[in-house]
Every structure is written in C-alpha cells, then in structure tokens.
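Since the structure comes first, as structure tokens, the remarks are kept for the end.
The values are calculated or read from the model by the stated rules, or taken from the named source; none is laboratory data. This is a predicted model, so every value here is computed, not measured. A quick note on method: Cβ atoms are made from the backbone with ideal geometry, for glycine too, and the neighbour counts reach across all protein chains shown. To get the accessible areas, we keep the full protein, side chains included, count just its heavy atoms, and leave off ligands, DNA and RNA. Shrake-Rupley method; radii C 1.70, N 1.55, O 1.52, S 1.80 Å.
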2 protein chains.
Amino acid sequence: MDNKMPNFLTRRAFLTPERTVVCFQEQSLTFKELYDRSYQTAGQLQKLGVKNGQFTAVLLKNHLDTIVILFALQLLGTKTVILNCRLTAAELLWQLQDSQASVLIVEDCFADLKQQFTEQLPTLISVTKTMLFAQEQVQPKLLEEVSLDEICTIMYTSGTTGKPKGVIQTYGNHWWSAVGSALNLGLTDQDCWLCTVPLFHISGFSILMRSVIYGMPIVLHEKFSEQKTIRDIKDKRVTIMSVVGTMLSRIVDTLEDERLPKEFRCMLLGGGPAPLPLLKTCVEKQIPVFQTYGMTETSSQIVTLSPEYSLTKLGSAGKPLFPSEIRIERIDGATAQPGEAGEIVVKGPNVTSGYLNREDATAEKIRQGWLYTGDVGYLDEEGFLFVLDRRSDLIISGGENIYPAEIEAVLLAHPDILEAGVTAVDDKDWGQVPAAFIVTRNGRDIPVDELQQFCRNRLAKYKIPKFFYLIDRLPRNAAKKLLRRTLRDWVNEGRFR
Amino acid sequence: MDNKMPNFLTRRAFLTPERTVVCFQEQSLTFKELYDRSYQTAGQLQKLGVKNGQFTAVLLKNHLDTIVILFALQLLGTKTVILNCRLTAAELLWQLQDSQASVLIVEDCFADLKQQFTEQLPTLISVTKTMLFAQEQVQPKLLEEVSLDEICTIMYTSGTTGKPKGVIQTYGNHWWSAVGSALNLGLTDQDCWLCTVPLFHISGFSILMRSVIYGMPIVLHEKFSEQKTIRDIKDKRVTIMSVVGTMLSRIVDTLEDERLPKEFRCMLLGGGPAPLPLLKTCVEKQIPVFQTYGMTETSSQIVTLSPEYSLTKLGSAGKPLFPSEIRIERIDGATAQPGEAGEIVVKGPNVTSGYLNREDATAEKIRQGWLYTGDVGYLDEEGFLFVLDRRSDLIISGGENIYPAEIEAVLLAHPDILEAGVTAVDDKDWGQVPAAFIVTRNGRDIPVDELQQFCRNRLAKYKIPKFFYLIDRLPRNAAKKLLRRTLRDWVNEGRFR
C-alpha cells in the first residue's frame with residue numbers, strides 16, 4: 001500500500017453527509033454542512049495566500065468557526081501550527097518564528113496581538129477570523145488524498161528547560177490514535193463525545209479527529225463548566241467525555257447525590273495521575289472512569305485502562321492501545337523489572353516522528369523508534385502501567401525519591417481539601433524537601449498541625465511536607481493540568497516562606 | 001513509523017487475557033488459553049520443520065484446533081496457504097506445487113489425500129492434525145513484531161479461465177479490513193460474531209482476525225445449519241453474523257413468525273447481489289441486514305451499506321469503507337457517469353498487492369494501485385454501489401447486456417421459488433439467451449407457462465429465460481455462493497435441454 005488515504009473530511013462527508021458532527025451553543029452542523037463551510041473557507045484561505053505544504057498558524061478559541069478553519073486547512077493540505085491562546089505575545093512570537101508560518105489566523109479578540117506580530121514579522125500574512133471570512137472566495141485546490149506520513153499539525157510543548165518544541169503530528173499519528181482508541185473503548189452509532197478542553201491542546205483536537213474518522217457527533221463547549229457539562233451530558237445524550245482530575249472532581253462535587261445517565265459510558269481521565277479518593281468516589285457514584293496516559297507527542301492516549309479492569313486496577317493508567325508499545329527503562333538503560341520504577345518509554349504509529357526543526361531534541365527524545373517521555377512509572381506483574389510523576393517533578397530528599405502525586409493523593413483524601421499541589425523546596429540538610437500548596441473547601445482554614453498529623457498517619461516521615469501553604473487557586477494550564485513547575489518558581493521567587 | 005506492530009495474538013492475549021475468543025460446540029477458549037495452546041503448537045510446528053518466512057499449507061475444517069493451528073503459524077511468522085477442503089486432489093496438488101509450500105497440515109479425515117501428495121511431492125513434509133499434536137514440543141522462536149507488509153495468508157481463487165491464482169493477503173490487509181469494518185459497523189464489548197462460513201474462505205478467516213484485533217468472542221459452527229444458527233443467536237448472545245443470500249433465506253424461512261433478539265444488530269450479507277424480495281422480508285421481520293461487497297482480493301468487505309441507509313438504499317452494497325476507494329470504469333477506460341454500468345474498480349489498504357508467483361495476472365488485475373474486480377455495477381448519484389453481476393456471468397443477447405442476478409431476483413419473488421440461478425445458453429439467433437435453474441419450495445412443480453407469465457409481467461422480453469429447469473439443488477461453493485459457471489458447464493455438457 002502507498003500509505004495514502006482519502007482526505008478525512010471529504011471522505012466522511014461523502015459517507016455520512018446527514019449525520020451531525022458538532023453541536024456548539026445553539027448551533028449544529030452535519031458533516032455535509034461542515035464540508036461545505038470548510039470548502040468555502042478553503043477558497044478564502046487560498047485567496048489569502050495559504051498554500052499546500054506550507055505552515056499556517058492559528059490562534060483560535062473553542063468555537064464552530066475554529067472547526068471550520070481547522071478542516072479548511074486540511075482540505076488544502078497545509079500544515080497547521082496550532083497556537084495556545086493562553087500564551088504571552090513573546091511566547092507566541094517565538095513559535096511563529098520557529099515554525100516559519102507564512103500565514104496566521106487569529107480570533108478577533110486577538111487583533112492587537114496580530115498587529116504586534118505583523119510589525120515584527122514583516123513577511124507574515126495575518127488576519128482575524130472576520131477578515132478571513134470576508135475574503136473573496138476562489139475555488140480551492142483540494143488535497144484529495146492525504147499521505148499518512150504528511151504533517152497535519154504542529155503543537156508546541158514546553159520542556160522543563162529550554163525553548164518550547166513544535167511536536168510534529170502526522171495524519172497517520174492522528175488516524176492511528178483514533179483507531180487505537182476505538183479498538184479499546186468501542187464505538188457505537190449512539191456515541192457523542194463532549195469536548196470542554198481546548199481544541200488547541202491534543203486532548204481537544206483529538207476529539208475533532210475522532211469525530212471525522214468515526215462519523216461521531218461532538219458537543220463543543222467554549223470552556224469547562226461543571227454545570228453546563230452535567231446539563232449537556234443529559235440533554236445532548238453525551239456518552240464520552242475527556243477530563244483531567246480537577247474537572248472530574250468539580251463534576252463529582254456538583255453532582256452531589258445525582259447520577260449521570262446510564263448511557264454515559266466513558267469518562268476518559270488524563271492529565272496526570274489521579275488521586276485515589278476521587279477514583280473511589282467515582283466508583284461509588286457509578287461514573288465509568290477510564291484512566292489514561294498520553295501526551296502531545298503521542299497524539300492523545302497511548303495507554304488506557306480497559307473497562308474490565310477499572311475496579312481491580314484502580315489508579316493504573318492501563319495497558320497500551322493495540323498498536324502501541326511501552327517499556328520502563330532504568331537510569332542505567334536496562335529494562336526495569338515489574339514493580340520497579342523508571343522512565344516510561346513508548347512506541348507506536350501514534351507517536352510523533354520528532355520536533356520541528358529540532359534535530360538535537362528529536363535525537364535526544366526519540367531513540368530507535370522509542371519516545372523517552374520523561375515520566376516516571378512502573379508496570380505491575382500483569383503489565384499494567386502506574387504513572388508516578390513527571391521525572392522533572394521528582395523530589396529527591398536525602399537520596400530518597402519522593403513523587404509529588406503520591407503526597408497530593410494523600411492530601412486530597414482530607415475531607416476539607418479541594419486541591420493540592422506538591423513541589424520541592426531546597427533544604428540544606430536533605431537537599432530537597434516537599435512543600436504542599438493547598439486549596440480548601442469553602443476557604444476553610446486547616447491548622448498546620450492537623451495537616452501534619454493527617455499525613456503522619458498515611459506517609460513515611462520523609463514524605464511529609466515540611467511546608468503547607470493555603471492558597472486560593474492552583475496554577476493550571478489550559479487543559480487544567482497542574483503546573484508544578486510554577487509552584488517551584490513561586491518558592492524560588494520567595495513568594496512563600 | 002516502520003509499519004510494524006506487535007504480533008496480533010500475543011498482543012491481544014496480553015491486553016485482555018480473560019476474555020473469551022471462541023465458543024465451539026461445548027468448548028470455549030479465552031485469549032490467554034488460545035495463546036497458550038497456539039504457543040505449544042508453534043513449538044510442535046517448529047519441531048516439524050516449519051520456518052519463519054516459508055509457506056505452510058493447511059487443509060482444515062471449522063474446528064477449535066484449526067484456530068489454534070492458524071494462530072500458531074502466525075506466532076512463527078510463517079506464510080499460511082489456506083486450502084479449500086472441497087477441492088479435488090488434483091486441484092489441491094496444483095496449489096501445493098504453485099505455492100511451493102514446504103509443510104502441509106491436514107484434517108485426519110484427509111489422511112489419504114496426504115498420502116497421495118507425499119508420493120507426488122517428495123520434499124513436502126505433511127502430517128495430519130493428530131500427528132502434529134503428538135509432536136514433541138520445542139520452545140518456539142516467536143515473531144514478536146509483524147510487518148504490515150508481510151504475507152500472512154494465501155487463498156486461491158479461480159478465475160473463469162486458467163489456473164487458480166494465490167491471492168496474497170498481508171497482515172496489513174487483514175488489519176485494515178478489520179479496522180475499516182469496525183469504523184463502519186461499530187464495535188462494543190457486547191459484540192459476538194457467529195461464524196458458520198468456512199475458515200478457509202476469507203468470509204470466515206476475516207472473522208477470526210477481527211476477533212483478535214477487536215478482542216471479541218466468536219461462535220464457530222462446523223457448517224451452516226439454520227436451526228443451530230437461530231438457537232445460538234439466542235443462547236450465545238450473538239450480535240453479528242456473516243451470511244450469503246441462500247443462508248439468510250433459510251434463516252428467514254425457519255424463523256417463520258419468530259423474531260431474532262433485539263441485541264442481534266447486524267446480518268452482514270455478502271456473496272453477490274441479494275434478491276430484493278428477501279431484503280424486503282428482512283425489513284418486515286426486523287432483521288438488520290447490512291449488504292456488503294467484497295472478495296478474497298479485498299480481504300473481506302470493501303463496500304458496506306451504513307445502517308442509516310439500509311431502508312432507503314435497499315439493494316445497494318453501500319459505500320466504500322473509510323480507508324478504501326471505488327470507481328466504475330467503462331470498457332473504453334473512462335470513469336462511468338452516475339447510473340452507468342461498468343467494471344467495479346477498487347483501491348485501499350485492504351486490497352491485495354497481487355497474486356503469488358503470477359506477475360502477469362497481477363499486472364492485468366492491478367493497475368496503478370487499482371484492482372479490476374471483473375464485477376459489473378454502477379454508482380448512483382449519491383455514490384452508492386449497486387452490484388449487477390460478475391462480468392464473466394454477463395449474458396449478451398442480441399447486443400443487450402443481461403445480468404443474471406436481475407432475473408434471479410425476479411424469480412425469487414415467486415412464492416413457490418426457493419432458489420434460482422440463471423446462465424447463458426448459446427443461441428443461433430441471439431448469440432446467447434438466458435436459461436433459469438430453479439429449486440421450488442417443497443418440490444412443488446411449477447408449469448413453464450406460469451413461470452413465463454410471471455416473468456413477462458416483470459422483465460423486458462429479451463430478459464425472459466428461454467429455458468426453465470426445475471432441479472433439486474443449485475451448485476454452490478463452500479461459502480454457499482452460487483456457481484453460475486457450473487450451470488453453464490451443465491448446459492454445455494448437454495445435461496439439460
């Protein structure tokens with residue numbers, strides 16, 4: 001086979017034109033309507049100067065128009081640099097330069113930013129969404145077949161050090177990710193996936209790709225709201241939803257004694273290790289949680305817990321999707337024994353081939369086809385993955401490894417603690433010691449000695465945080481993932497202590 | 001990506017060891033048990049001389065042991081020539097020679113055949129199943145990763161002229177076939193596929209591959225029985241079944257006023273155009289029929305009617321599976337207009353790369369990645385495929401094209417006609433004229449003038465059969481597909497008229 005496939009949206013609109021692809025606010029589109037709108041927009045993009053094979057950047061929020069623009073770019077066969085709306089102007093500028101994007105489309109509210117970029121990058125063609133849609137429409141030259149090896153999207157990720165890197169995601173990466181997920185989670189003509197995470201993150205964008213590959217409707221929210229989530233799960237017959245721990249926690253709290261409809265079959269929980277008390281509460285409330293592990297570099301999930309193990313392997317991220325593989329590597333390069341922690345190393349057709357224009361970083365992170373994730377975890381005797389932490393978040397205290405997620409999980413079991421984040425603080429005796437940042441329920445004040453006592457019953461002495469800080473809100477990224485790096489920055493900047 | 005994947009069975013047994021893979025008679029196996037048995041058999045095959053990369057032939061009936069042996073061969077990475085149990089010794093001998101198989105495993109009841117082959121092919125290592133299972137078991141050298149481009153199986157198909165050709169089916173062909181099917185039919189953890197068609201046909205073998213790729217149980221029957229089918233659909237919670245028209249017709253007759261359980265969600269109907277009256281009866285009886293079109297060269301389905309069109313496009317085989325493509329080509333090589341009949345030409349990752357050791361036939365049938373199927377059909381305005389007939393079965397009468405399937409469909413609408421087959425008879429005036437072979441319900445005798453009158457009301461004059469033959473049974477292959485070629489042979493041999 002030549003590794004080519006029909007253009008995904010073109011094919012889907014041909015196969016099931018009348019099915020709904022998306023509901024957003026009070027609007028909805030069928031696949032045929034999405035195709036028609038994307039076709040029209042493709043003509044406008046082409047008029048603007050967007051060309052097959054070049055890089056086009058987008059700075060767009062969750063909206064129906066964003067979906068139209070993203071698929072219009074696929075129809076043209078351009079490579080899309082998907083920018084994160086939360087970044088600063090300087091960060092965005094850097095990514096625009098790094099990717100050498102020739103065209104930029106921004107949300108109207110970012111018109112000022114657009115102005116700045118145009119001044120600094122004179123060759124960049126940049127327009128707001130409204131300007132784009134006002135363009136004359138020419139007949140677009142469509143990419144009828146896509147090569148699975150071609151770049152579809154670029155998403156930047158920040159490492160712990162150095163500049164952000166543009167992760168290359170091919171059509172094949174997205175295709176295999178969607179297929180691997182379907183083989184694991186199943187797929188029915190009743191399915192409907194709720195997307196409250198940003199489309200500019202792989203968590204959101206992958207839902208879009210699944211929609212077109214599966215012929216499945218999605219419900220898109222501008223941003224996460226627990227009330228709206230619960231309402232739409234009921235009213236719009238949502239069956240699957242992607243969440244991170246804090247979102248799930250807020251849903252669970254808001255539900256109180258209510259239950260989700262029995263048609264709701266999968267709460268796909270990513271974004272890092274989840275606290276066990278939350279998982280147990282979900283079991284009690286019959287919320288079907290599927291823990292998963294994935295990242296921008298794996299185009300979404302690569303390891304997911306199968307339904308039959310959701311109870312017996314509580315806290316595990318599961319086993320790799322059918323086409324993917326996983327290994328735990330020790331510091332010395334040997335494969336770890338069952339139960340032994342080490343770096344999580346993955347492989348598969350959904351895994352990136354590397355970073356845009358970054359040969360060194362690519363060579364460092366991808367070796368003989370295996371991606372070195374920088375995450376720490378272990379496989380149990382049966383091959384189930386337990387993710388311990390980001391390697392970069394590891395606290396080393398007196399030579400002992402301490403995983404922040406473990407301490408956070410303990411703290412979250414306290415009835416008055418809503419959120420917890422743990423990071424390292426330098427210590428002259430131990431090298432590092434853990435410090436905990438805590439958000440309490442209803443702003444209740446918990447005395448430090450109560451917190452210490454609570455931990456003493458549940459943690460080895462060296463794992464007990466030396467400092468507890470009560471704060472209003474934890475730093476999280478747009479996908480609601482906890483940013484432990486920011487906690488560490490706060491400590492280093494002397495904002496605490 | 002390097003186009004490699006974990007060995008399918010190894011991976012599946014790791015992912016979901018405790019799930020059932022197959023029920024056969026009173027026995028059932030989990031994926032783990034199948035893996036263990038296949039592993040053991042792989043050791044015995046290796047001891048016998050089976051090697052990675054070589055061809056091994058099997059002549060086996062539907063049985064649990066057959067599944068074990070087929071997967072044992074995949075574990076070793078050998079290429080399996082799957083022989084048809086219905087062939088004559090001479091035909092089998094020819095296929096053994098053509099494929100240069102070095103080892104042959106036969107069902108015990110074929111011990112005599114084995115003896116014959118050994119005499120004629122002195123280098124062939126051949127054993128019965130019992131002899132194989134009595135071998136000493138050595139530790140097998142397993143193929144841990146399969147390349148999707150590697151040959152998995154060879155199945156011989158007979159063209160209308162010349163010797164049978166060995167169709168190459170790679171691991172990738174089977175993989176993409178299974179994935180394309182899942183994306184179209186959906187996939188749930190309640191699914192169970194009933195296999196009453198031979199495992200030595202692609203219709204049966206593809207169910208086996210789906211089982212392992214999906215982690216889905218199958219129920220295997222030795223051969224088709226309408227009573228047993230209906231019983232097992234109920235008792236074993238079957239949700240999907242593969243049939244051809246005559247099987248479906250017998251199921252429908254046997255059901256009488258009964259209904260299949262509502263969990264039964266898909267009757268996948270292949271093996272040639274189905275008569276409309278049968279399809280209409282199924283609509284009345286709420287049997288969810290999914291018409292499909294496929295062949296050995298496409299590793300099973302390539303075109304299937306999506307659920308939402310099963311009523312409005314009755315009689316259509318549907319649209320191509322997501323990754324595949326279809327075109328109708330006129331005799332002059334141009335692409336046909338909607339509604340215009342021509343040769344069905346297909347492409348996709350499930351389509352064979354060619355015929356074993358037959359460069360000429362490969363070049364003739366596969367041109368620029370497109371397979372010329374030899375079947376005649378048209379696409380309607382919306383792109384739905386309607387299969388008219390095998391091109392080789394076409395009757396040309398006075399310059400008019402007559403499709404046997406059309407006439408058969410008309411005859412099958414007669415309340416006393418159970419089965420019908422139409423072929424060409426040479427005619428001095430018209431070149432060819434149609435002749436009909438008919439099996440009546442309960443052996444009722446239908447006068448020829450009644451049949452003529454019945455056709456006159458429904459068919460153009462030139463399409464009305466000039467001869468009607470009442471017979472006890474139509475010639476069908478092991479997959480119950482009508483053999484019009486045999487009808488023509490009967491006429492040519494002077495057995496009728």
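Examine the range A:388-401 for a residue that is in contact with a Gly (Cβ under 7 Å, 6 or more places away or on another chain), open to solvent by less than 30 Å² (accessible area, probe 1.4 Å) and at pLDDT below 95, and state whether such a residue exists. Lay out the reasoning, then the answer.
The first filter runs over the range A:388-401 and keeps only residues in contact with a Gly (Cβ under 7 Å, 6 or more places away or on another chain), leaving A:388, A:390-392, A:396-398.
Filter once more, keeping what is open to solvent by less than 30 Å² (accessible area, probe 1.4 Å): A:397.
So of that shortlist, the ones also at pLDDT below 95 come out as A:397.
So far as the range A:388-401 goes, yes, one or more of its residues are in contact with a Gly (Cβ under 7 Å, 6 or more places away or on another chain), open to solvent by less than 30 Å² (accessible area, probe 1.4 Å) and at pLDDT below 95.
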>> Please go through the range B:258-280 and give me each residue that is modelled with pLDDT of 90 or more and surrounded by fewer than 17 Cβ atoms within 10 Å (Cβ to Cβ), ordered by number.
In response: B:258, B:259, B:261, B:262, B:263
> From the list B:312, B:292, B:296, which one is open to solvent by 10 Å² or more (accessible area, probe 1.4 Å) and more than 22 Å from residue A:13 (Cα to Cα)?
Replying inline: B:296
>> Quick check on residue A:416: is it open to solvent by less than 40 Å² (accessible area, probe 1.4 Å) and farther than 26 Å from residue A:196 by Cα?
In response: yes
> Filtering the range B:315-334 down to residues that are more than 14 Å from chain A (Cβ to nearest Cβ) and out of contact with any helix residue (DSSP H, G or I) (no Cβ under 7 Å at 6 or more places or on another chain), which residue is surrounded by the most Cβ atoms within 10 Å (Cβ to Cβ)?
Replying inline: B:328
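Output the residue which, of all residues in the range A:473-496 that are open to solvent by 80 Å² or more (accessible area, probe 1.4 Å) and in contact (Cβ under 8 Å) with a residue 60 or more places away in the chain, is nearest to residue A:425 (Cα to Cα). Break it down stepwise before answering.
Kept after step one, since they are open to solvent by 80 Å² or more (accessible area, probe 1.4 Å), are these residues of the range A:473-496: A:473, A:481, A:485, A:492-493, A:495.
Then keep just the ones that are in contact (Cβ under 8 Å) with a residue 60 or more places away in the chain; that gives A:481, A:485.
Numbers: A:481: 21, A:485: 12 Å.
Going through the qualifying residues, I end up with A:485.
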> Within the bounds of the range A:443-452, is there any residue that is outside the structural domain of residue A:279 (by TED's automatic domain parsing), closer than 25 Å to residue A:247 by Cβ and touching a Lys or Arg at 6+ places or on another chain (Cβ under 8 Å)?
Replying inline: no
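Yes or no: residue A:419 assigned by TED's automatic domain parsing to the domain that holds residue A:280 and charged (D, E, K, R)?
Working: assigned by TED's automatic domain parsing to the domain that holds residue A:280: no; charged (D, E, K, R): yes.
No: the conditions fail for residue A:419.
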>> Quick check on residue B:19: is it within 14 Å of chain A (Cβ to nearest Cβ) and buried (at least 23 other Cβ atoms within 10 Å of the Cβ)?
In response: no
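Here's the yes/no breakdown for (1) among the basic types (Lys, Arg); (2) in contact with a Cys (Cβ under 6 Å, 6 or more places away or on another chain); (3) within 29 Å of residue B:439 (Cβ to Cβ):
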residue	(1), (2), (3)
B:216	no, no, no
B:219	no, yes, yes
B:240	no, yes, yes
B:245	no, no, yes
B:262	yes, no, no
B:273	no, no, yes
B:281	no, no, yes
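Would you confirm, using the coordinates I've provided, whether residue A:287 is in contact with a Ser or Thr (Cβ under 9 Å, 6 or more places away or on another chain), assigned by TED's automatic domain parsing to the domain that holds residue A:244, part of a loop (DSSP other than H, G, I, E, B) and modelled with pLDDT under 95?
On the way: in contact with a Ser or Thr (Cβ under 9 Å, 6 or more places away or on another chain): yes; assigned by TED's automatic domain parsing to the domain that holds residue A:244: yes; part of a loop (DSSP other than H, G, I, E, B): yes; modelled with pLDDT under 95: yes.
It is true that residue A:287 is in contact with a Ser or Thr (Cβ under 9 Å, 6 or more places away or on another chain), assigned by TED's automatic domain parsing to the domain that holds residue A:244, part of a loop (DSSP other than H, G, I, E, B) and modelled with pLDDT under 95.
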> If the Cβ limit is 9 Å and pairs must be 6+ apart or interchain, which residue in the range B:18-45 that is touching a residue at least 12 places away in the same chain (Cβ under 8 Å) and closer than 23 Å to residue B:193 by Cα pairs with which residue that is assigned to a helix (DSSP H, G or I) and of a type in the set (Asp, Glu)?
Replying inline: B:18/A:308; B:19/A:308; B:21/B:33; B:23/B:232; B:37/B:65
> What tally of residues in the range B:280-295 results from selecting those that are touching a strand residue (DSSP E or B) at 6+ places or on another chain (Cβ under 6 Å) and under 23 Å from residue B:345 (Cβ atoms)?
Replying inline: 5
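Here's the yes/no breakdown for (1) at pLDDT 95 or above; (2) open to solvent by 10 Å² or more (accessible area, probe 1.4 Å); (3) more than 14 Å from chain A (Cβ to nearest Cβ); (4) within 22 Å of residue B:150 (Cα to Cα):
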| position | (1), (2), (3), (4) |
| --- | --- |
| B:4 | no, yes, no, yes |
| B:8 | yes, no, no, yes |
| B:26 | no, yes, yes, no |
| B:51 | no, yes, yes, yes |
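Is it fair to say residue B:302 is over 27 Å from residue B:413 (Cβ atoms), open to solvent by 10 Å² or more (accessible area, probe 1.4 Å) and not in a loop (DSSP other than H, G, I, E, B)?
Values: over 27 Å from residue B:413 (Cβ atoms): yes; open to solvent by 10 Å² or more (accessible area, probe 1.4 Å): no; not in a loop (DSSP other than H, G, I, E, B): yes.
Against the criterion (over 27 Å from residue B:413 (Cβ atoms), open to solvent by 10 Å² or more (accessible area, probe 1.4 Å) and not in a loop (DSSP other than H, G, I, E, B)), residue B:302 does not qualify.
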>> From the list A:55, A:31, A:14, exactly one residue is open to solvent by 20 Å² or more (accessible area, probe 1.4 Å), within 14 Å of chain B (Cβ to nearest Cβ), touching a strand residue (DSSP E or B) at 6+ places or on another chain (Cβ under 8 Å) and not polar (S, T, N, Q). Which is it?
In response: A:14
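Quick one: which residue in B:489, B:445, B:472, B:449 is at pLDDT 90 or above, at negative phi, among the acidic types (Asp, Glu) and assigned to a helix (DSSP H, G or I)? Before you say what the answer is, go through the steps one by one.
Working: B:489 fails: at pLDDT 90 or above; B:445 fails: assigned to a helix (DSSP H, G or I); B:472 fails: assigned to a helix (DSSP H, G or I).
Result: B:449 is the single residue among B:489, B:445, B:472, B:449 that is at pLDDT 90 or above, at negative phi, among the acidic types (Asp, Glu) and assigned to a helix (DSSP H, G or I).
Kindly indicate whether residue B:167 is open to solvent by less than 20 Å² (accessible area, probe 1.4 Å), away from every other protein chain (no Cβ under 14 Å) and among the β-branched types (Val, Ile, Thr).
Yes, satisfied.
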> Which members of the range A:452-469 meet the condition of being charged (D, E, K, R) and at pLDDT 90 or above?
Replying inline: A:466
> Of all residues in the range A:431-472, which are over 31 Å from the mean Cα position of the chain (by Cα), of a type in the set (Gly, Ala, Ser) and surrounded by fewer than 13 Cβ atoms within 10 Å (Cβ to Cβ)?
Replying inline: A:460
> What single numbered condition from (1) facing chain B (nearest Cβ under 9 Å); (2) among the acidic types (Asp, Glu); (3) open to solvent by less than 30 Å² (accessible area, probe 1.4 Å) fails to hold for residue A:343?
Replying inline: (1)
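Test residue B:382 against the stated conditions and say whether it is more than 12 Å from every other protein chain (Cβ to nearest Cβ) and either open to solvent by 30 Å² or more (accessible area, probe 1.4 Å) or under 18 Å from the mean Cα position of the chain (by Cα) (or both). Working first, answer last.
Details: more than 12 Å from every other protein chain (Cβ to nearest Cβ): no; either open to solvent by 30 Å² or more (accessible area, probe 1.4 Å) or under 18 Å from the mean Cα position of the chain (by Cα) (or both): yes.
Here the answer is no, as residue B:382 does not meet what is asked.
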> Residues of the range A:430-474 being of a type in the set (Asp, Glu) and in contact with a strand residue (DSSP E or B) (Cβ under 9 Å, 6 or more places away or on another chain), which ones?
Replying inline: A:445, A:472
